[in-house]
Amino acid sequence: MSAPRKVHIKSYGCQMNVYDSDRMADLLTQDGYGETATAADADVVILNTCHIRDKAVEKVYSELGRIRAVKHAAAREGRRLAVVVAGCVAQAEGEEIARRAGVVDVIIGPQSYHRLPSLLARAEREGLQVDTEFPLESKFDALARGAQQAVRRRGISAFVTVQEGCDKFCTFCVVPYTRGAEMSRPVAAILAEVKELAAAGVREVTLIGQNVSAYRGAGPDGAAFTLGRLLHAVAAITGLSRLRYTTSHPGDLDAALIAAHRDLPALMPFVHLPVQSGSDRVLAAMNRRYTNATYRRAIERLLSARSDLAFSSDFIVGFPGETEADFQESVRLVDAIGYAGAFSFKYSARPGTPAAALPDQIPEAVKRDRLLRLQAAIDRNQAAFNAKCLGARLPVLLEKPGRHAGQLVGRSPYMQPVHVMADGSMIGETAMVTVTGLSANSLEGTLAPETSHPGRMGEPETCPG
Ligand code: SAM
Ligand code: SF4
């Protein structure tokens, strides 16, 4: 019997790519492959790429340079190494990747992953294969789901893609071009997937989509479910203790989604709500379809449903035409909301997007300076939020062993990593932890006397305001 073939997958970018990478691994496992952590002993290397910023694209090309050497070394040993570029760079650049990097055997867009095994076979016979179609059949109907063993190995927290693509066309963003139009998976398929995950030991599920708050999936009776209704259905699945969703658009928050935060104890009190800028002028130029005031009103509506909610966000600095005064509006917004954390990016002109053609592109040095100043404001707010948690008793979902013997790492409801001395058998449990210390961006704690067991948690305690 010949040794099983091995696949090595490297994922870049968002959680959706992590989900897609797992599905490709599951598909190839069904085809007889095992997974390997290194490219050197792989038969297939997949780079699942991200096109959101220029840096992300350049990272892929430099990785392809390294893989060229690995492919040549394998050839010297008489082995064939197939190289696959998947994801949004594949979708956006197509054959150009093969022209620029040479070593590639398969180029496959995010909507065609279910065709990977046949494309690999064809590439072996015929050479380079490119599939960047938006096929009529849904990849979700054909993609394999992980065997229980693989699910357990991936941990007790899992992502489930419920929605893909975007119709919003923010002027800076490539997603509507690389991922295509909005598409929502049917409710029954999502519930079946989550039930399997829960049966395999998963305790926390994050429903993901480029624009998850635009979810409109067909329900069992044919009527469309909104995200709020879907969250209710998923929360009823036995074995899950925590539920999250990301990423939502501030313009899409409907009453049902807001009420879900009031009505579902399993829905964690932490909302990622990207704002991009605090300036109305910049928001309009970005085509975000809300203002600073309406964004803040959305936050207030969420808080009135559940007062212990905390927020994170995404910001872009240096969008074309952004003045120092516009930028200061972003800094003021960070301080006004008091985010528990946020991501911030320098604007990156993406070919084919409307903003790339705008006049008044901002010099790199100005972008760099604004990024540093915004990050300082974000860090200050994050540190203040963490400091408020000191002394609180928080429910912590224990995820994996920590760096020290006898230590476990878990997550608070607010996604903070929490280190605690606890027995390994408690992985998967939600433990009440008293926060005793802070280090960088994580919390230290001790097990509080009263600790729950897997299953549904009551109302979490909050970091006192
Ligand atoms: N759908 C989400 C939303 O509406 O906020 C965002 C999804 S996008 C994959 C993640 C983040 O990347 C965005 O929120 C934005 O901050 C950032 N981003 C997207 N395009 C960018 C660009 N051209 N330059 C810099 N950052 C960008
Ligand atoms: Fe991109 Fe998000 Fe805007 Fe859609 S809503 S275009 S994914 S930034």
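Out of Q361, Q375, report the one residue that is farther than 29 Å from E96 by Cβ and crowded, with 16+ Cβ neighbours inside 10 Å.
Every option except Q375 fails the conditions.
Of the residues in the range 163-176, at least one is open to solvent by 10 Å² or more (accessible area, probe 1.4 Å), over 17 Å from the mean Cα position of the chain (by Cα), in contact (Cβ under 8 Å) with a residue 12 or more places away in the chain and at positive phi.
Give me the residue from the range 255-283 that is more than 15 Å from ligand 1 (Cβ to nearest atom) and among the small types (G, A, S) and, out of that set, surrounded by the most Cβ atoms within 10 Å (Cβ to Cβ). Among those residues, the one meeting the criterion is A260. Restricting attention to the range 174-212, the residues that are more than 16 Å from ligand 1 (Cβ to nearest atom) and hydrophobic (A, V, I, L, M, F, W, C) add up to 13. Can you say whether G406 is buried (at least 16 other Cβ atoms within 10 Å of the Cβ) and not β-branched (V, I, T), as far as the supplied structure shows? It is false that G406 is buried (at least 16 other Cβ atoms within 10 Å of the Cβ) and not β-branched (V, I, T). Inside the range 45-56, residues that are away from ligand 2 (no atom under 16 Å from the Cβ), within 12 Å of A86 (Cα to Cα) and not polar (S, T, N, Q) make up a count of 3.
Which pairs do you get when a residue that is touching a residue at least 40 places away in the same chain (Cβ under 8 Å) and more than 15 Å from H249 (Cβ to Cβ), found in the range 296-317, comes within reach of a residue that is in a helix (DSSP H, G or I) and β-branched (V, I, T), reach meaning Cβ atoms under 6 angstrom, with the pair 6+ apart or on two chains? Short answer, once both residue conditions are applied: A305/I258.
In the range 128-203, counting only helices (runs of 4 or more DSSP H) that sit wholly within it, the ones holding 3 or more residues that are touching a strand residue (DSSP E or B) at 6+ places or on another chain (Cβ under 6 Å) span 187-199.
When G251, G239 are screened for being open to solvent by 10 Å² or more (accessible area, probe 1.4 Å) and within 16 Å of ligand 1 (Cβ to nearest atom), only G251 passes. For the range 357-383, a residue qualifies if it is under 25 Å from the mean Cα position of the chain (by Cα) and aliphatic (A, V, I, L, M), and the qualifying residues are L371, L372, L374, A376, A377, I378, A383. Summed over the range 220-237, the residues that are modelled with pLDDT of 95 or more and more than 20 Å from G165 (Cβ to Cβ) give a count of 9. Output yes when any residue across the range 388-401 is in a helix (DSSP H, G or I) and either touching a residue at least 60 places away in the same chain (Cβ under 8 Å) or of a type in the set (V, I, T) (or both), and no when none is. Within the range 388-401, one or more residues are in a helix (DSSP H, G or I) and either touching a residue at least 60 places away in the same chain (Cβ under 8 Å) or of a type in the set (V, I, T) (or both).
Residues of the range 413-439 that are closer than 23 Å to Y339 by Cα and open to solvent by less than 20 Å² (accessible area, probe 1.4 Å): P413, Y414, Q416, V418, V433, V435, G437. Applying the criterion of being hydrophobic (A, V, I, L, M, F, W, C) and in a strand (DSSP E or B) to the residues of the range 335-383, the residue that is farthest from ligand 2 (Cβ to nearest atom) is A342. Applying a threshold of 7 Å to beta carbon distances and a minimum spacing of six or more residues, or different chains, the list of pairs starting in the range 222-233 at a residue that is small (G, A, S) and ending at one that is modelled with pLDDT under 95 and surrounded by 17 or more Cβ atoms within 10 Å (Cβ to Cβ) is empty. Total residues in the range 322-351 satisfying the condition of being within 11 Å of ligand 1 (Cβ to nearest atom), open to solvent by 10 Å² or more (accessible area, probe 1.4 Å) and of a type outside the set (S, T, Y): the figure is 6.
Can you pull out the residues in the range 209-218 that are crowded, with 16+ Cβ neighbours inside 10 Å and assigned to a loop (DSSP other than H, G, I, E, B)?
G209, Q210, N211, Y215
Every residue, every condition in (1) touching an Asp or Glu at 6+ places or on another chain (Cβ under 7 Å); (2) under 28 Å from L394 (Cα atoms); (3) not in a helix (DSSP H, G or I), yes or no:
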position	(1), (2), (3)
G228	yes, yes, no
R288	no, no, yes
A293	no, no, no
F327	no, no, no
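The values are calculated or read from the model by the stated rules, or taken from the named source; none is laboratory data. Note that the structure is predicted; figures quoted are calculated from it, not measured. Here Cβ is always computed from backbone atoms with ideal geometry, including for glycine, and neighbour counts include all displayed protein chains. The area values use the complete protein model at the heavy-atom level, side chains included, leaving out ligands, DNA and RNA. Shrake-Rupley method; radii C 1.70, N 1.55, O 1.52, S 1.80 Å.
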